[in-house]
Protein chains: 2
Amino acid sequence: MSLDPEIAARLKRNADGLVPAIAQQHDTGEVLMMAWMNDEALHLTLTTGRATYWSRSRDRLWVKGDTSGHVQHVKSVALDCDGDTVLLKVDQVGAACHTGDRTCFDAGLLG
Amino acid sequence: MSLDPEIAARLKRNADGLVPAIAQQHDTGEVLMMAWMNDEALHLTLTTGRATYWSRSRDRLWVKGDTSGHVQHVKSVALDCDGDTVLLKVDQVGAACHTGDRTCFDAGLLG
């Protein structure tokens, strides 16, 4: 099984075949993290209900929470006007960030 | 004037010297859009209070709203745990999207 051809035709991937994906907590609106998806990751995200990314550092599919337990249950998936960014609304179990913070932006306030 | 060296040292830019920047409406939590910043765009965003991006299509700095009037007044700027994504909380005047939609994701629900 692969990504719906109608969706695949709308995607504008970068040179590595990836699009950025923003994960947002569906009820509080917190922006949790940004990661990357290839077509297969988007297909799995849409069909399994579990947020799935492409890990650029490990060079493989990454089902969020498979090792940490910090699963993201997908509520909705939207593509932006240019087809080059995905917005996931999810229900995040535990911490989204590998540091243990709820979001990857919690420790990074500038200025 | 250029970007604070401490911030510049934390940034992990892509091969084009850019980082993705997510703009979120500060009070409602809406994710408005995703765009790109180079060091100068981030510096201007932090120091002018107006969200400023690098336009990849026009290959120049882009002060959001300069032509459309759809300005983003910056409330806060955070860097993520890896230093490779910026989250802006803004007060968006009018539509964030060039289509006239409030956000760039309004028309793109998948599945």
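Please give the average number of partner chain Cβ atoms lying within 10 Å of the Cβ of each residue in B:15-25, rounded to a whole number.
Taking all residues of B:15-25 together, the mean is 2.
At a 1.4 Å probe, what is the % contribution of carbon and sulfur to the accessible area of the stretch A:52-111?
Reported share for carbon and sulfur atoms: 47 percent.
Helix-only mean residue ellipticity at 222 nm, chain A, DSSP H runs n ≥ 4 weighted -39,500 (n - 2.57), per residue, nearest 500. What is it?
Counting only the DSSP helices, I get -4000 deg cm²/dmol.
By how many degrees, 0 to 90 and rounded to 10, does the Cα axis of helix B:39-48 deviate from the longest principal axis of chain B?
Helix B:39-48 sits roughly 70 degrees off the main axis of chain B.
Tell me, what is a quarter of the convex hull surface for the C-alpha atoms of the protein assembly as shown, in nm² with one decimal?
Hull-based average projected area comes out at 11.8 nm².
How far is B:Leu110 from the same spot in each other copy, in nm, shortest first, if each label point sits 7 Å from Cα toward Cβ?
So the label point of B:Leu110 gives 2.8 nm to the other copies.
What's the long-distance tail for chain A, i.e. % of Cα pairs beyond 17 Å?
51
Which of the lysines could a cross-linker span from A:Lys89 if the Cα-Cα distance has to be under 24 Å and same-chain partners fewer than 8 positions apart are dropped?
A:Lys12, A:Lys64, A:Lys75, B:Lys75, B:Lys89
For label points placed 7 Å from Cα toward Cβ, what is the shortest-first list of nm distances from B:Asp66 to its copies?
Once sorted, the set of distances for B:Asp66 reads 4.4 nm.
How many Å² of accessible surface get buried when B and A come together, counting both sides, probe radius 1.4 Å, rounded to the nearest 100?
It comes to approximately 2400 Å² buried between B and A.
Using only atoms on other chains, find how many Cβ atoms lie within 10 Å of each Cβ of peptide A:72-85 and report the average.
Across A:72-85, the average partner-chain Cβ count within 10 Å equals 5.
Mind ordering B:87-96, A:64-73, B:9-18 by average Cβ neighbours within 10 Å, highest first?
Top to bottom by mean Cβ count within 10 Å: B:87-96, A:64-73, B:9-18.
Normalised by the number of residues in chain B, what is the relative contact order in percent for Cα pairs under 8 Å and 6+ residues apart?
26
The values are calculated or read from the model by the stated rules, or taken from the named source; none is laboratory data. Everything numeric in this text was worked out from a predicted model, so none of it was measured. With ideal geometry, Cβ positions are generated from the backbone for all residues, glycine too; neighbour counts draw on all protein chains shown. Note: accessible area is taken over every heavy atom of the protein model, side chains too, but ligands, DNA and RNA are not part of it. Shrake-Rupley method; radii C 1.70, N 1.55, O 1.52, S 1.80 Å.
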